[in-house]
Amino acid sequence: MSRLADLSPIVLRGFEFRRVALPLVSPFRTSFGTETARDILLVRALTDGPDGWGECVAGNDPLYSNEYVDAAQHVSINHLITRLPIGTPIHAVDVARLLEPVKDHRMAKGAIEAAVLDAQLRANGVSLAAALGAVHDRVPSGVSVGIMDTIDDLVSVVGGYLDDGYVRIKLKIEPGWDLEPVGVIRRTFGDAIPLQVDANTAYTRDDGPHLARLDQFGLLLIEQPLPEDDVTGHALIAQQVATPICLDESIVSARAAIDAIERGACRIINIKAGRVGGYLEAAAVHDVCRERGVPVWCGGMLETGIGRAMNLALAALPNFTITGDVSASERFWRRDIVTEPVRLHDGHVTLPGGSGSGVSIDHDFLESVTTSRVVVPQG
């Protein structure tokens, strides 16, 4: 973080809020619901120098969290950017403090901070990876597999991803879709395949004995079995289950991470920058986990190449010792909005070069999928 504080500030001239519509390659089903397309909010920081881009990971509906894309755009325009100085110097490290009086809305805040951060880093010729303290130039890539209609479909999809070279598989689970599909995948592909499951808050405190039956499959972790506000419940489940419990939705800040760790609610943490309010807070979560000997991994939120590249920079930090969900662009999109989509090579994805996030926008394609565009202040 000290390197960021030493960078020359930038002068903001305004923000562009752009909505784009992208269909997913295939439906993605979790215990929250099924997504077939994304309505994505992109934030562009307009400056006297290079512009910066951020991506809001809020979904179409308030199902994963209370945030959703329409609300994210509204609060960004009417309550967040009004707190940022226009026409005077600003540092990206100050954005979170300036936005803090507005309660929650972490995904919207994270997108704005990312845009300012990207612009400042580009103006100073520094990459996001270097600014955050990355120690790798490529990271292993895992893939998240949604709930399928049939076990046969699941086996086919997982087999395809393994053939593609993904080095770790995550299966979405829910009551009624857990023991059988996990068991079939383990038996079909063997014990050597790193395998984990994600419940997305679908279980209750009473399900400890049932979740303990997953221990037989040698999983890396069980992610977020209980509702996000039930940290004590996770601590109780952790006493009944041998497989490490990992928290996702419960971790909204470095302070929340410390609380969960100290209460014995988890042995692993999934870090998503949008969920915690931005990449700087995500790095802080990484740091407090590292200090306490708790490994972390980088989760995904169906990002385009903008968010995907920034996730790669985060995932290259030293305590990201568990393979994350930073998969290739083609996992979700037939065509990405950046000129050089993230690609899989030998089970790994390589960080883009260059300053800021390191990616360039495919402006022609972006225009073709744009559904609305608002510039504030209006020029």
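The values are calculated or read from the model by the stated rules, or taken from the named source; none is laboratory data. Quick caveat: nothing in here was measured; it's all calculated off a predicted structure. Here the Cβ positions follow ideal geometry from the backbone for every residue, glycine too, while neighbour counts run over all protein chains shown.
Taking the condition of being touching a residue at least 60 places away in the same chain (Cβ under 8 Å) and closer than 17 Å to residue 44 by Cβ, how many residues in region 65-75 meet it?
Initial filter on region 65-75 (touching a residue at least 60 places away in the same chain (Cβ under 8 Å)): 65, 73.
Subsequent filtering for residues that are closer than 17 Å to residue 44 by Cβ retains 73.
Final tally of qualifying residues: 1.
Conditions first: (1) part of a strand (DSSP E or B); (2) without any contact (Cβ under 8 Å) to a residue 24 or more places away in the chain. Residue 62 passes all but one, so which condition is the exception?
Going through the list (1) part of a strand (DSSP E or B); (2) without any contact (Cβ under 8 Å) to a residue 24 or more places away in the chain, residue 62 breaks only (1).
Picking from 20, 25, which residue would you name as being outside any loop (DSSP other than H, G, I, E, B), buried (at least 17 other Cβ atoms within 10 Å of the Cβ) and outside the structural domain of residue 306 (by TED's automatic domain parsing)? Quick ask: steps written out before the conclusion?
Working: 25 fails: buried (at least 17 other Cβ atoms within 10 Å of the Cβ).
Checking each option against the conditions leaves just 20.
Considering only region 76-94, how many residues are free of Cβ contacts under 8 Å to residues at least 40 places away in the same chain and farther than 21 Å from residue 123 by Cβ? Reasoning before the result, please.
Let us first name the residues in region 76-94 that are free of Cβ contacts under 8 Å to residues at least 40 places away in the same chain, namely 78-80, 82-83, 94.
Filter once more, so that each one left must be farther than 21 Å from residue 123 by Cβ: 78-80, 82-83.
Looking only at that region, the number is 5.
Given the condition under 24 Å from residue 27 (Cα atoms), outside any helix (DSSP H, G or I) and basic (Lys, Arg), answer yes or no: does some residue in region 301-320 qualify?
Checking region 301-320: not a single residue is under 24 Å from residue 27 (Cα atoms), outside any helix (DSSP H, G or I) and basic (Lys, Arg).
Which condition number in (1) in the same structural domain as residue 332 (by TED's automatic domain parsing); (2) over 30 Å from residue 349 (Cα atoms) is the one that residue 164 fails?
Every listed condition holds for residue 164 apart from (2).
Evaluate the following for residue 138: is it surrounded by 15 or more Cβ atoms within 10 Å (Cβ to Cβ), in contact with a helix residue (DSSP H, G or I) (Cβ under 8 Å, 6 or more places away or on another chain) and among the basic types (Lys, Arg)? Give the steps one after another, and end with the answer.
Values: surrounded by 15 or more Cβ atoms within 10 Å (Cβ to Cβ): yes; in contact with a helix residue (DSSP H, G or I) (Cβ under 8 Å, 6 or more places away or on another chain): no; among the basic types (Lys, Arg): yes.
Against the criterion (surrounded by 15 or more Cβ atoms within 10 Å (Cβ to Cβ), in contact with a helix residue (DSSP H, G or I) (Cβ under 8 Å, 6 or more places away or on another chain) and among the basic types (Lys, Arg)), residue 138 does not qualify.
With the checklist (1) modelled with pLDDT of 95 or more; (2) touching a Pro at 6+ places or on another chain (Cβ under 8 Å); (3) hydroxyl-bearing (Ser, Thr, Tyr) in hand, flag the one item residue 329 doesn't pass.
So residue 329 meets the others, but not (1).
Yes/no matrix, rows are residues, columns are (1) more than 30 Å from residue 358 (Cβ to Cβ); (2) more than 17 Å from the chain's Cα centre (by Cα); (3) surrounded by fewer than 17 Cβ atoms within 10 Å (Cβ to Cβ):
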{"position": "143", "(1), (2), (3)": "no, no, no"}
{"position": "147", "(1), (2), (3)": "yes, yes, no"}
{"position": "156", "(1), (2), (3)": "yes, yes, yes"}
{"position": "166", "(1), (2), (3)": "no, yes, no"}
{"position": "170", "(1), (2), (3)": "no, no, no"}
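For every residue, the table says whether it meets (1) among the polar types (S, T, N, Q); (2) out of contact with any Asp or Glu (no Cβ under 9 Å at 6 or more places or on another chain).
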{"position": "240", "(1), (2)": "yes, yes"}
{"position": "243", "(1), (2)": "yes, no"}
{"position": "253", "(1), (2)": "yes, no"}
{"position": "283", "(1), (2)": "no, yes"}
{"position": "293", "(1), (2)": "no, yes"}
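Exactly one condition in (1) surrounded by 20 or more Cβ atoms within 10 Å (Cβ to Cβ); (2) among the polar types (S, T, N, Q); (3) at pLDDT 95 or above is false for residue 321; which is it?
Of everything listed in (1) surrounded by 20 or more Cβ atoms within 10 Å (Cβ to Cβ); (2) among the polar types (S, T, N, Q); (3) at pLDDT 95 or above, residue 321 misses just condition (1).
Kindly evaluate residue 296 against the criterion of being at pLDDT below 95, surrounded by 24 or more Cβ atoms within 10 Å (Cβ to Cβ) and more than 23 Å from residue 61 (Cα to Cα). So that I can check it myself, show each step before the final result.
Values: at pLDDT below 95: no; surrounded by 24 or more Cβ atoms within 10 Å (Cβ to Cβ): yes; more than 23 Å from residue 61 (Cα to Cα): yes.
Taking the combined requirement at face value, the residue does not satisfy it.
Is it fair to say residue 273 is under 25 Å from residue 225 (Cα atoms) and in contact with a Phe, Trp or Tyr (Cβ under 6 Å, 6 or more places away or on another chain)? First the steps, then the outcome.
Values: under 25 Å from residue 225 (Cα atoms): yes; in contact with a Phe, Trp or Tyr (Cβ under 6 Å, 6 or more places away or on another chain): yes.
So residue 273 passes the test.
Taking region 331-361 only, how many residues are in a loop (DSSP other than H, G, I, E, B) and surrounded by fewer than 18 Cβ atoms within 10 Å (Cβ to Cβ)?
Initial filter on region 331-361 (in a loop (DSSP other than H, G, I, E, B)): 332-337, 339-344, 346-347, 351-355, 357-360.
Imposing the further condition that a residue be surrounded by fewer than 18 Cβ atoms within 10 Å (Cβ to Cβ) reduces the set to 334-335, 339-340, 343, 346-347, 353-354, 360.
Number satisfying all stated conditions: 10.
Which condition number does residue 290 fail, the rest of (1) buried (at least 20 other Cβ atoms within 10 Å of the Cβ); (2) farther than 20 Å from residue 110 by Cα; (3) not hydrophobic (A, V, I, L, M, F, W, C) being met?
All conditions are met except number (1).
With respect to residue 34, is the statement that it is under 15 Å from residue 113 (Cα atoms) and polar (S, T, N, Q) true?
no
Pull up region 95-120, narrow it to residues that are within 22 Å of the chain's Cα centre (by Cα) and free of Cβ contacts under 8 Å to residues at least 24 places away in the same chain, then point me to the one that is surrounded by the fewest Cβ atoms within 10 Å (Cβ to Cβ).
This residue is 103.
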